[in-house]
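The values are calculated or read from the model by the stated rules, or taken from the named source; none is laboratory data. Here the structure is a predicted model, which is why all the values come from computation and not from measurement. Glycine also receives a Cβ, built like all others from the backbone with ideal geometry; neighbour counts cover every protein chain displayed.
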Amino acid sequence: MTDASVTTARGPVPSGSRHTSRRPGPWHAAVWIAPAAFVIVFVFAYAIYQLVVQSFKYQGKWTGWDNFRIVLTDPLFLTALKHNMELLLCVPVLIAIALLLAIVLSETVRGHSFFRGVLFFPYILPVTVVGVVLGQLLTLNGPVNTALNGLGLGKLAADWLGDPNIALWTMGAVIVWKEVGFGIVLFLARILSLPTETYEAAALDGAGFWRKHWSITLPQMTGVIAFYAVTEAIVMVSWVFNYVYIMTNGQGGPGDSTVVTELYIYRSAFQDQQIELAAAAAVILFLITLFLVIIFFRLQRKSLLAVVGE
């Protein structure tokens, strides 16, 4: 049939329009997104608004910046904030370990899935389980020190959670152990998506293991590394309360050696009944987290512009 049109019940239809469909406009997406967006705005935006309002009041009366001045001059809050900043040093360690293990796994032919599952397993464990189990393992007379003494490595044994000089770093090591699995899977997925021809050409040119991944893999990983770095930085700043609370019985001890900003907020709100001070501290923590998110989006934009520019 060579007719330029087809007759239907509604009349002739031009052949050029038979396979065309109407593309939904931008408002179609807005209609579908609107219900979820409304819920998010109502739940989170309203809660943040109330938090900010509360931080400027005391017993229902407007006090301006007084709550923020009290919090920012409180030595305990400054100590807690300092501990969060020190935990940020774990982020480069996380990136290095996750990237190295991801590269090694990408080169492994046999047992690839098994090792990936083993390394990712800690990440899916509840923080409560991790805190309770490792808190028992790392006590002064716990299995870790017992094993070290049995192996003749008693000099390495320590009071991991009872020594104020190392308690915070023990907490950081526990967080690294749990969080590194996410980075491994993230980096490995990116590495496996890279074209193999580039690696084969580099191998033919005599590039070794380190040279190959330094010159080919790393430049292709900048966006993923930036995402992981900012994600884990947010964890170190505002998601370590569960570890500290469980492993120190809610004390942040010994002394104040493991107190973090979230624990400070919890103490102010529920132990000291200083709701307004807790709100002010929470606002400060929110602004720090928001700053990290803005940094991430700026890094992502620069990476995207670099790719488009190439």
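Structural remarks
- Near pairs, Cβ below 7 angstrom, 6+ apart or cross-chain, from the range 92-116 (more than 17 Å from Glu232 (Cα to Cα)) to any residue that is at pLDDT 95 or above and not hydrophobic (A, V, I, L, M, F, W, C): none
- Check on Asn84, assigned to a helix (DSSP H, G or I), touching a residue at least 12 places away in the same chain (Cβ under 8 Å) and within 26 Å of the chain's Cα centre (by Cα): yes
- Only one of the numbered conditions (1) farther than 23 Å from Ile191 by Cβ; (2) touching a residue at least 12 places away in the same chain (Cβ under 8 Å); (3) of a type outside the set (Ser, Thr, Tyr); (4) surrounded by fewer than 19 Cβ atoms within 10 Å (Cβ to Cβ) is not met by Ile216, and that is (1).
- Test result for Gly206, surrounded by fewer than 18 Cβ atoms within 10 Å (Cβ to Cβ) and either of a type in the set (Phe, Trp, Tyr) or within 25 Å of Ala102 (Cβ to Cβ) (or both): yes
- Of the candidates Lys178, Lys155, the single residue that is of a type outside the set (Ser, Thr, Tyr) and farther than 30 Å from Ile103 by Cα is Lys155.
- Residue match in the range 190-198 (condition: surrounded by 14 or more Cβ atoms within 10 Å (Cβ to Cβ) and among the polar types (S, T, N, Q)): yes
- Of the residues screened, Ala207 is not one that is outside any helix (DSSP H, G or I), modelled with pLDDT of 90 or more, more than 29 Å from the chain's Cα centre (by Cα) and over 24 Å from Phe227 (Cβ atoms).
- Helices (runs of 4 or more DSSP H) wholly inside the range 222-302 that include at least 3 residues being of a type in the set (Lys, Arg), crowded, with 17+ Cβ neighbours inside 10 Å and in contact (Cβ under 8 Å) with a residue 40 or more places away in the chain: none
- Residue selected from the range 88-139 under the condition of a type in the set (D, E, K, R) and surrounded by fewer than 16 Cβ atoms within 10 Å (Cβ to Cβ), by the criterion farthest from Pro164 (Cα to Cα): Arg110
- Scan the range 121-156 for residues that are in a helix (DSSP H, G or I) and either at pLDDT 90 or above or not hydrophobic (A, V, I, L, M, F, W, C) (or both) and the total you get is 25.
- Residue pairs whose Cβ atoms lie under 8 Å apart, separated by 6 or more positions or on different chains, with the first residue in the range 117-128 and among the β-branched types (Val, Ile, Thr) and the second part of a helix (DSSP H, G or I), are Ile124/Gly181; Val127/Lys178; Val127/Asn242; Val127/Tyr243; Val127/Ile246; Thr128/Asn242; Thr128/Ile246.
- Only listed residue being exposed (fewer than 14 other Cβ atoms within 10 Å of the Cβ) and either more than 30 Å from Leu277 (Cα to Cα) or free of Cβ contacts under 8 Å to residues at least 24 places away in the same chain (or both), chosen from Gly142, Gly60: Gly60
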